[in-house]
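The values are calculated or read from the model by the stated rules, or taken from the named source; none is laboratory data. Every value quoted in this text rests on a predicted model; they were computed, and no experiment measured them. Glycine also receives a Cβ, built like all others from the backbone with ideal geometry; neighbour counts cover every protein chain displayed.
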Amino acid sequence: MLRRILALLLCLLMLLPAVLAENVPAVQECIYTPGEKTVIRYTLPMMATISLAVYDGEKEVASILNNRKMIAGNHALELDEQFFDGSVSGALTLVLTVDGAQYTAPFTTEGAAAVPNETPVPAPVAAPTEAPAAEPVIVPTEAPAAAVPGAVITPAYESEYHPGHENCYWCTPMDITDEEAVWNMLIAPVKVIDAKQKEQVILYAEPSADSEKIGVVTGASQAVHVLEEMDNGWVKVETYSSSFHDSKVKAWNKFVTGYLKESQLKTYTPRTDYGMVVDKLTQKLYIFKDGALFTTLAVSTGLYNERQPYNETRSGEFLIISRTGDFKSDNLICAKALRFNGGDLLHEVPHVLNADGSKNYKNCEPKLGTRASHGCIRVQRLKNAESINMTWIWNNIKVGTKMVVWEDYQGRQIPVPKDDTPLYYNANGGSNYHSTANCNGVKEKYLPLTAFTYGELDTGDYADLTVCSYCYPPLRKGEIEQINQEHLVSSPGMVPQHLRQED
């Protein structure tokens, strides 16, 4: 028996270095080749604010990241050929600063001798099977996904808690290809605020109305993720703050964890015929029907600026709560509006009226597929390959349907289509490329369209073709890579909280 105990202790001692390494940040040696892309790899055991720079002795010669908030995991940061632009050469040091502590590795120009690494840096190890222990009541499952190209990330990207709740918006990866998981999430019951659809309740930093006000939640339609039910009548929840220009708390689309009274919540079961996902990363609306992806439409979500940080569309889990119909925003007419979050509505891409009373969409329609609105979600009016548009949504999507908005967090990536993906064009002088041979945007006499492949899109005459505004085929490879590169180092929808609205 004693020998068994000693053997067990010996095994535990052998595992100890790996366990310790998992909980220490690390940066790997990097060899820089002028004229080629550079990949810098580092590991974070938990979410942290980091900086990354190249040093020559004590002198910083190149700043790569500065005070960026990053999630836990193994990171791979790809820099283009011009990033260093001759500013580095020879044997240098790569310095990763994590919450004030520094970790180093050699940074060597190809052909130069490496600088000895004076700071012990543990090698990256496999991700742990369980996340670090959280607060009581929350049972952790797996650690959050790493912010590396292709990583699958959940809406609770910034959360300290990873309870693994079944069919939960916050725990379901933002992966539109997993149709079963997305559908189960879209029809699952939610906890919403028991208040009128334009009312908001305060989220507090502590289970006390005397504590700091850290966010607001919209009544009737916005869901929260319940983390803990307390004996004193309070509940701990997480959500995105639905702060508008006139809200009592100015926390623009901020992910917040706080407290509200359990009596303020009620359970709502959404409809089970349809469900909708709006993804800020792709700027697409995905409609699910009876358990599967039914169709996809182009959208424009909010575009914030320094004077109007509240323009960013608030992410989260919502219900279509009322049918508003047409309304005016300055000189724009927004038709067929469905309310889902206070002042945020889902509506047709706006138009203005010409002198003869006809509708003019030329200002807003070309912006579909990119951020452009004041917070509402603009939806295409032209019929896609399945003859679906905002008019179809107005006629078929009922009050009580769940709609979720996915944040375009750092680390999320748009897959580049395979080279053999079929595309189509009108060989009789057409200027667009299409995703279907029978596009609604082409006159019937030119149908079916002529096929070619995605791999040929940037070659010959195909390179001059533009995206069809009916069927919205995939973006070009270069456009996708540009979006993905931005998401390697930032979360575009996360509004800097120092911004304040214009008085």
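Would you check if Leu52 is modelled with pLDDT of 80 or more, within 21 Å of Asn484 (Cα to Cα), surrounded by 11 or more Cβ atoms within 10 Å (Cβ to Cβ) and not assigned by TED's automatic domain parsing to the domain that holds Tyr409? Reasoning before the result, please.
Values: modelled with pLDDT of 80 or more: yes; within 21 Å of Asn484 (Cα to Cα): yes; surrounded by 11 or more Cβ atoms within 10 Å (Cβ to Cβ): yes; not assigned by TED's automatic domain parsing to the domain that holds Tyr409: yes.
For Leu52, the condition - modelled with pLDDT of 80 or more, within 21 Å of Asn484 (Cα to Cα), surrounded by 11 or more Cβ atoms within 10 Å (Cβ to Cβ) and not assigned by TED's automatic domain parsing to the domain that holds Tyr409 - is met.
Which of the residues spanning segment 55-67 are modelled with pLDDT of 85 or more, in a strand (DSSP E or B) and not polar (S, T, N, Q)?
Tyr55, Asp56, Lys59, Glu60, Val61, Ala62, Ile64
Give me the residue from segment 459-480 that is over 22 Å from Met390 (Cβ atoms) and among the aliphatic types (A, V, I, L, M) and, out of that set, surrounded by the fewest Cβ atoms within 10 Å (Cβ to Cβ).
So the residue we want is Ala463.
Do we find a residue being farther than 17 Å from Pro473 by Cβ and touching a Leu at 6+ places or on another chain (Cβ under 9 Å) anywhere in segment 383-390?
Within segment 383-390, the first condition is being farther than 17 Å from Pro473 by Cβ, and the residues that meet it are 390.
Restricting the remaining residues to those that are touching a Leu at 6+ places or on another chain (Cβ under 9 Å) gives 390.
Yes, segment 383-390 contains at least one residue that is farther than 17 Å from Pro473 by Cβ and touching a Leu at 6+ places or on another chain (Cβ under 9 Å).
Of all residues in segment 274-296, how many are touching a residue at least 60 places away in the same chain (Cβ under 8 Å) and closer than 15 Å to Thr401 by Cβ?
So the answer is 12.
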